[in-house]
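Inspection log for the structure reproduced underneath, given as structure tokens.
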Amino acid sequence: MSKQTTVLKSPPVEAPKSLEQLSESEIERKAVIGRVTTHTLKYLTSKFVDRGFQWLLPVALSQCTDPLWPDPGASIEKRIEVDIYGKTVRTTASMIIHKLIASSTAYPKLFILSPNIRIEKAERAHTGKHVYEFTQLDFEAREATSKDIMNLVEDLLCGLVASVKRDLKDELIHLSRYDTLKVPKAPFKTYDKQELEAEYGADWETSVVMENGAPVWVTNIPREFYDFEDFKTGKWDNYDLFLPQYGEVMSGAKREWEYEKILAKIERDKINKDNYSLVLKLAEQGKLKPCAGAGIGMERIVGWLTGVKHIAETQPFPRIPGIVHEL
Ligand code: AMP
Ligand code: MG
């Protein structure tokens, strides 16, 4: 990569239509994308099951959910809270805290197809990368290292693309994606976020994603308290996977498990401790176990496989920021 590169700003992407507004050829295209989604779900879930991960069902309402803060990528317009049975619960922003506790107790290796509600700012309608409701394939493994998870994800991604090209050739041809979708080669290149920022400034993401025709890792990203931070070196043991043109498709990390560190980070982030009292209590009792994992955005990964302009095209019922349809 060179500093002279022109940084391309993505042009606004047209918002996809709702299901009942589609023409016949658009319905056919929607059905083809649906077949790629079905294949992707079958492929990934069966690989996790084959590797000994337990498949958990998601929750929609909890007292505790992801603070999504501080996260350089987050842009939340509204957080949904509602009272039930005299308690305040929140819609799931991600199941990260549930994963930490599940993998420390009954489910050492687990995955969940988890609906995440994030009311993104309406100005994100035309990025092509944001929807206000999406599904994460969220997984976690006790005692795993970052390297274990990165190796697993590289295997899964290469195998997934090879299987889509093999089993859904007609569908990819229909979407004009067969020739451009290449099976990636592992290991993927890894960049350190702080080094990228020093070299490219705020536009590092555009530069890295545009210039690499292949998936890349970005590590060492300061963000939420649950990702592991080495207090001595200031380095974060976490990782994001970026896909060409589609950007970040997965975020993950080795996790914190020690009480003092978790508490110090929650206080530093000025997050309401009361919302995280259970995870703090378990950590204090030594019941939180080291683990590592990640969450893959299903709409983004299918969006990349199918080459859509807007990831809401992969949703049967599009959830475009600022646009609320009847369905
Ligand atoms: P995060 O925990 O914020 O890193 O989210 C995990 C993954 O979910 C990301 O890497 C994306 O693939 C996906 N994701 C996050 N926010 C959105 C969004 N607004 N629309 C679609 N996918 C998203
Ligand atoms: Mg992320």
With Rg from the Cα atoms and Rh as the Kirkwood inverse mean 1/r over Cα pairs, the chain has an Rg/Rh of 0.95
Using the alpha-carbon centroid of each, what span in Å lies between segment 132-176 and segment 49-86? 22
Against the longest principal axis of the chain, how steep is helix 259-268, in degrees 0 to 90 to the nearest 10, with axes from Cα atoms? 70
Segment 239-245 - phi-based ³J(HN,Hα) in whole Hz, Karplus 6.51/-1.76/1.60, Gly and Pro as x: 7, 10, 9, 10, 10, x, 6
Segment 19-314: relative contact order from alpha carbon pairs under 8 Å, six or more residues apart, as a whole percent, is 21
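By average Cβ neighbour count within 10 Å, what is the ranking of 59-72, 19-32, 294-307 from highest down?
Numbers: 59-72: 16.2, 19-32: 12.4, 294-307: 23.9.
Per-residue Cβ counts within 10 Å, averaged per peptide and sorted highest first, yield 294-307, 59-72, 19-32.
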Can you list the residues, at least 5 places off or on another chain, whose amide H is less than 5 Å from the amide H of Asp227, using H built in the peptide plane? Glu256
Whole-Hz Karplus ³J(HN,Hα) for segment 61-69, in order, using 6.51 cos²θ - 1.76 cosθ + 1.60 and θ = phi - 60°, x for Gly and Pro? 10, 8, 5, 10, 9, 4, x, 6, 7
Which residues' amide hydrogens lie under 5 Å from the amide hydrogen of Gln54, considering only partners 5 or more residues apart or on another chain, with H built in the peptide plane? Lys109, Leu110, Phe111
Checking the cross-link filter: which lysines have an alpha carbon closer than 16 Å to that of Lys270, excluding same-chain neighbours under 8 positions apart? Lys261
Taking amide H positions as placed in the peptide plane 1.01 Å from N, state which residues far from Arg118 in sequence (5 or more) or on other chains have amide H under 5 Å from it. Glu133, Phe134
Sorted by mean Cβ packing within 10 Å, highest first, what order do the peptides 153-159, 274-280, 222-228 take? 222-228, 153-159, 274-280
From the backbone phi of segment 214-230, what are the Karplus-calculated ³J(HN,Hα) couplings (6.51 cos²θ - 1.76 cosθ + 1.60, θ = phi - 60°) in whole Hz, Gly and Pro given as x? 9, x, 9, 9, 10, 10, 6, 10, x, 6, 4, 4, 7, 6, 6, 10, 7
With every protein chain kept in place and a 1.4 Å probe, the chain has an accessible area per residue in Å² of 49
Using a 1.4 Å probe over the heavy atoms of the protein chains, calculate the carbon and sulfur portion of the accessible area of the chain as a whole percent. 53
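The values are calculated or read from the model by the stated rules, or taken from the named source; none is laboratory data. Everything quoted here is computed from the prediction, not taken from an experiment. Every residue, glycine among them, receives a Cβ derived from its backbone with ideal geometry; neighbour counts consider all protein chains shown. Side chains are part of the model used for accessible areas, which takes the heavy atoms of the whole protein and leaves out ligands, DNA and RNA. Shrake-Rupley method; radii C 1.70, N 1.55, O 1.52, S 1.80 Å.
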